[in-house]
Amino acid sequence: MQILEVKNLSKKYENNLVLNNVSFKIKEGEIIGLVGDNGAGKSTLMKCITGSEKLSDGKIYFKEEELKEISPIVTRDIGISMVYQHLNICKQQTIWENIYLGRELEISNKFLKVLNKTSMIEQTSKTLKNLHVNIKPTEIVNNLSGGQQQSVAIAQALITEPSLLILDEPTSALSLKETASVINTIKKLKNIGVSVIVISHRLSDIFEVSDRIITLKYGKKILDKKKENTSIEEVTKLIIG
Amino acid sequence: MNQRINIYLLLLLLIILFSIISPYFFTYQNFANIILSSSIIGIIAIGMSFVIATAGIDLSVGSIVAFSSCFSAVLFPENSFLIIVVCFLSACIVGVINGYIIGYKKYPAFIVTLALMSIARGFGYIVTDGMPIYGLPSGIKFIGQGHLLGIQFPIILFVSIFISFNYIKNNTKLGRYFAYIGDNERASFNAGINVSKYKLVVYVISALLCGIAGLIMMGRMNTADPSAGLMYEMSAITATILGGTSLFGGKYTVTGTIAGVLVIGVLQNGLNLLNVPVYYQQVIIGIILILGVVSNKSKSNANADIRS
C-alpha cells in the first residue's frame, strides 16, 4: 500500500524558490533516506508534509487520499509524526509532559476532564525502555544530555504509533552507542510496517537503514534510487558536484 | 523550586520579624486583615501568573478593574445581578480584545495591554464623567463586606479562586498548555496545540479575574471609582515574579504567587503597624521586586548556559 505521495510540490519564500516541483512516493514499511547539502530544502520539504510550513504549490496524498487541509494537528491525527532537527520539546517541562505534548491522556472526574498523569508516566517509562533509554519520566528535560533529549523527541513521535515517521537529523547530536540504538529502532519500525523518512548528513547511517535514497539539490530532486542501485560515492558526487 | 522555597522562607521570616517587633501583629484579626487586604491583588495576580506563563504580560489589569466596575454601576446602579453580569461581560470584552490582538495578530503583549490599559481607563472616566458612583445595591456590598459562616466573603472568594486555579494549573490541559506555550511556542504549535486560541483564553481569564476583583472593590468601598486599581498591574507582576513564576514563560506557580502576594501584604501591614511612612514602603517593595527579578534572571541565564 502507498503511504505517501508528494506531487509537484513547490515552496517559495517571497522570490526565493526553495523547493522546485518535487515528487516522490513511499510504500508501507519503506525507509527513505533523504539527503542533500545544507539549504537543499530537505527540512522545508518535511515541514510542508507535516503542515508546519505551507506549501506554495503541489499536492500531498496520504494513504491514497489527497490532503485538503495540511496542518500539524491534521497530519498528526492521521498518523504522520516528525522529530525536528531543532527538537520539538519544552525544556522546562518533564519528560512525560513532552512525550504527550498536545495529545495528553485525560480522565473525567465529577466536574471536569483532568490529566491522567499515572497512565502517561507509565507509558512514557515503557517507551523509554523500548528505546533503551534509562531516565526517569518525571525528570525535567533541561537536566538531560543532548542525546537523551533526542531520545525524548523520538519517543514523543512514536507514542502516537504513526504510519509515517519523519526523522530530521536524528543522530547528529548522539554518541556512537545512542546512534546505534536509534538505527536499531528505525529498523524495528520497518518490521511493524511503519514508513520512515530519515534526513541525515551521515551517509553511512542513511545507507545502513534506508531502502531508497532521495537526493535534493537547490530544492530539486536529482536522485531517487533503491539503495542497491546506488552508492555513497555516487550520492556524495551528486551533492558536491 | 529554590525560588519558591525562598519566597516561603521570606514570608515566614517577615511574620517572625514583625511578631517580635510589634505586639499587634500576631493576632487572628490582623492575619484576617492581611488576607482581606491581599484578596484583590491576589485574585488579579493569579490571572497574571497564567498570562506570564505564556511569556506574555497584562498591563491592563488595573484599568479593567476600574472600567468593568464603573461601566456596570453606571448602567444598572440598583440591580446587583445585572451589575455582576455586565461587570463580567465588560471585563471579558477587554480580555478578548487583548487576547485576539496578541494571539491571532501576533502583536507584542506589552504594547497591546499598555494600549488597553489607557483605553479601558479612559472609558472608565468617560462613562462616569470622572466622578465616583456612590451607594451600590446590597448584593454588591455583600461581595465586598459580607460574611459567610463567619468568614469575610472576599476571603472565601480569594481562597476558592486560589484552590480552583491551582488545581487547573496542575491537573488540566488548559493549565499545562499555558506553560508549554511560554516554554516553546513553536514546539507547542507543531504538537498541534492551538497557540492563538490559548493565548486568547489566558487574557480572557485574566480579565474575568479582574472583573471579580472589581466587584469586591466596589462592594468594599460601596463605590465604583474610575481611578480605582491604579498600579495594580505592578503589584500583581511583583507578586507573580517574587513567587517564582518565570518572567520568560514556561514555568509558573499559583501557590508561589499567593506567597508573593502575602509577602507584600505582610510587609505593608507590618510597616504600617510600625508607622513607617508609605513612601518608604514603596521603596522597600521595589527593592524586593528587583531582588526577585535578579534571582529569576540569574536562574534563566544558568539554564541558557546549560542549553548552549
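Side notes on the structure shown:
- Cross-link check: pairs A:Lys68/B:Lys197; A:Lys11/A:Lys136; A:Lys136/A:Lys227; A:Lys25/B:Lys197; A:Lys129/A:Lys237 evaluated at a Cα-Cα cut-off of 29 Å; pairs beyond the cut-off: A:Lys11/A:Lys136; A:Lys136/A:Lys227; A:Lys25/B:Lys197; A:Lys129/A:Lys237.
- Residue order, fewest to most surrounding Cβ atoms within 10 angstrom, among B:Glu233, A:Glu64, A:Glu5: A:Glu64, A:Glu5, B:Glu233
- Cα gyration tensor category, rounded, prolate or oblate, for segment A:65-183 with a/c compared to 1.5: oblate
- Three-way shape label, chain B, alpha-carbon gyration tensor, a/c 1.5: oblate
- Taking other C-beta atoms within 10 Å as the exposure proxy, A:Asp57, A:Asp205, B:Asp58 rank A:Asp57, A:Asp205, B:Asp58 from fewest upward.
- Within straight-line reach of A:Lys54, meaning a Cα separation under 15 Å, sit the following aspartates and glutamates at least 8 residues removed in sequence or on another chain: A:Glu14, A:Glu69.
- You can think of it this way: the chain between A:Arg202 and A:His132 has 23.0 nm of extra reach, that is 0.36 nm per residue less the Cα-Cα gap.
- Dipole moment magnitude, nearest 20 debye, the protein assembly as shown about Cα centre, only Lys, Arg, Asp, Glu C-beta charged: 660 debye
- DSSP beta bridge pairing in the protein assembly as shown, given as percent antiparallel to the nearest 5: 60 percent
- Whole-Å distance, taken between Cα centres, linking segment B:72-112 and segment A:156-197: 48 Å
- Neighbour-count order for B:Asp225, A:Asp211, B:Asp129, B:Asp183, fewest beta carbons within 10 angstrom listed first: B:Asp129, A:Asp211, B:Asp225, B:Asp183
- Average beta-carbon neighbours from other chains, 10 Å sphere, peptide B:185-196: 6
- Shape class for the protein assembly as shown: prolate, because the ratio a/c of the largest to smallest gyration tensor axis (alpha-carbon atoms, square roots of eigenvalues) is 1.5 or more and a/b beats b/c.
- Nearby aspartates and glutamates by direct alpha-carbon distance to A:Lys91 (threshold 15 angstrom, same-chain neighbours under 8 apart not counted): A:Glu139, B:Asp183, B:Glu185, B:Asp305
- When each of A:Lys190/B:Lys169; A:Lys177/B:Lys251; A:Lys42/A:Lys117; A:Lys117/A:Lys188; A:Lys190/B:Lys199; A:Lys187/B:Lys169 is checked by Cα-Cα distance, pairs over 30 Å: A:Lys190/B:Lys169; A:Lys177/B:Lys251; A:Lys42/A:Lys117; A:Lys190/B:Lys199; A:Lys187/B:Lys169
- Our note on the geometry: Cα centres of segment B:23-41 and segment A:217-241, 75 Å apart.
- FRET efficiency, A:Ile222 to B:Val96 (Cβ-Cβ, R0 51 Å, nearest 0.05): 0.50
- DSSP bridge pairs, chain A: antiparallel proportion in percent, nearest 5: 60 percent
Read-outs: derived from the displayed coordinates by stated rules, not from any lab. Just so you know, these numbers come straight off a predicted model, no measurement behind them. Counting neighbours? That spans all protein chains shown, and the Cβs are built from the backbone with ideal geometry, glycine included.
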